[in-house]
Amino acid sequence: MLIEETIEFVKRELENAESGHDWWHTYRVYNLSKAIGKEENVDLEIVELGALLHDVADRKFHNGDHTVGPRKAKEFLSGKLSEDKIEHVIKIIENISFSSEQNAQKASLFGTTQTQSVCHGFKSKELDVVQDADRLDAIGAMGIARCFTYTGHTNREIHNPEIKPKLNMSKEEYKKNKGTAINHFYEKLLLLKNKMNTEMGKKMAIKRHEFMEVYLKEFYKEWEGEI
């Protein structure tokens, strides 16, 4: 079956990937996408393929080239699926990321108005589902683990009180940002709860968001050596 073939393809492509963006990240997003998709009126095949292929070649590990992933996915799917479905899957890959949103960082931490995923004029309920799953894996306990893993991978500081979070960044500023792990919570992770698309995604995000807030409170206490 195509899904099983896609799983094997993605495992091969991500064999040596950084652990925050490896096969197991894709595995979690795939499972979350299936669970959320069952609650929505969507094409589950597109959802599953979009989830499996969404990070097959993350731009962060390909010199910032955002075209590598969609191109690899399209080459793999060619001849295996209708052209319309292939195009839909590719659009999901192209539009799923946080940085792909226009004015991504203009969301408020305390009350963003939620809208359906709309990036570069493309929108679909399938994108909404996969995007929610990807964002859920970026927050909560798993999100914290991934944040610090990537920080170590890129040799960035965990925290530096002298470096303040950069809010309201443009798309290009966000891509070039080399901030600390803790600042990343304020620049992205704590914003995601208010950017969820589906009802299930919103509910799941609340619990994971609250966990991050508890973690940060404890982090600051320990940073200052409080007893």
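The values are calculated or read from the model by the stated rules, or taken from the named source; none is laboratory data. Because the structure is a prediction, the values reported are computed rather than measured. Cβ placement follows ideal geometry from the backbone for every residue including glycine, while neighbour counts extend to all protein chains displayed.
Values as computed for the structure displayed
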quantity: Conditions (1) surrounded by fewer than 20 Cβ atoms within 10 Å (Cβ to Cβ); (2) at pLDDT 95 or above; (3) assigned to a helix (DSSP H, G or I): number failed by LYS72; calculated: (2)
quantity: Among the residues listed as LYS202, LYS178, LYS217, the single one being at pLDDT below 95 and not small (Gly, Ala, Ser); calculated: LYS178
quantity: Residues (assigned to a helix (DSSP H, G or I), among the β-branched types (Val, Ile, Thr) and over 24 Å from ASN31 (Cα atoms)) located in region 146-202; calculated: THR151, ILE182
quantity: Filter pass, ILE144 being within 17 Å of the chain's Cα centre (by Cα), modelled with pLDDT of 95 or more and closer than 23 Å to ILE93 by Cβ; calculated: no
quantity: Out of PRO165, PRO161, sole residue that is of a type outside the set (Ser, Thr, Tyr), modelled with pLDDT under 95 and over 23 Å from HIS66 (Cα atoms); calculated: PRO165
quantity: Some residue of region 129-138 being part of a helix (DSSP H, G or I), among the small types (Gly, Ala, Ser) and more than 13 Å from the chain's Cα centre (by Cα); calculated: no
quantity: Matching entry among LYS38, LYS11 (being within 26 Å of ILE144 (Cβ to Cβ) and free of Cβ contacts under 8 Å to residues at least 40 places away in the same chain); calculated: LYS11
quantity: Residues of region 160-172 classified as surrounded by 14 or more Cβ atoms within 10 Å (Cβ to Cβ) and either more than 17 Å from the chain's Cα centre (by Cα) or not basic (Lys, Arg) (or both), total; calculated: 5
quantity: Per-region count, region 208-224, residues of a type in the set (Asp, Glu) and under 24 Å from the mean Cα position of the chain (by Cα); calculated: 2
quantity: THR26 being modelled with pLDDT of 90 or more, of a type in the set (Ser, Thr, Tyr) and in contact with a Phe, Trp or Tyr (Cβ under 8 Å, 6 or more places away or on another chain); calculated: no
quantity: Qualifying positions in region 201-211 - in contact with a Lys or Arg (Cβ under 9 Å, 6 or more places away or on another chain) and surrounded by 15 or more Cβ atoms within 10 Å (Cβ to Cβ); calculated: GLY201, LYS202, ALA205, ARG208, HIS209
